[in-house]
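For reference, the structure discussed in these notes is given below.
Please treat every number below as a calculation from the coordinates, not as lab data. Fair warning: this is a prediction, and the values are worked out from it, not measured in the lab. Cβ: placed from backbone, ideal geometry, glycine included. Neighbour counts: every protein chain shown.
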Amino acid sequence: MYDDVVDLRDFYASRLGQATRRILVRRMQEFWPDVAGQNVLGLGFATPYLRSFSR
């Protein structure tokens, strides 16, 4: 478990974090392929994922 948002930021800046984000974004886009006209809410440390849905 990460203790701080700084740890999460550093994780997502790493190669493993980038790969994790790509995999999870692909899976989320299978559930929500088009979010145009919808409101998207991210809970927790959602910053790495919200960018993929801000079209």
* Structure fact -> Here the residues within segment 14-46 that are under 24 Å from residue 3 (Cβ atoms) and either aromatic (Phe, Trp, Tyr) or touching a residue at least 24 places away in the same chain (Cβ under 8 Å) (or both) are 17, 21, 24, 45
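Collect the residues in segment 1-54 that are hydroxyl-bearing (Ser, Thr, Tyr) and out of contact with any Pro (no Cβ under 6 Å at 6 or more places or on another chain), keeping them in residue-number order.
Residues of segment 1-54 that are hydroxyl-bearing (Ser, Thr, Tyr), as a first pass: 2, 12, 14, 20, 47, 49, 52, 54.
Those that are hydroxyl-bearing (Ser, Thr, Tyr) and out of contact with any Pro (no Cβ under 6 Å at 6 or more places or on another chain): 2, 14, 20, 47, 49, 52, 54.
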* **Matching residues, segment 11-24, being surrounded by 15 or more Cβ atoms within 10 Å (Cβ to Cβ) and under 9 Å from residue 48 (Cβ atoms)** => 12, 17, 21
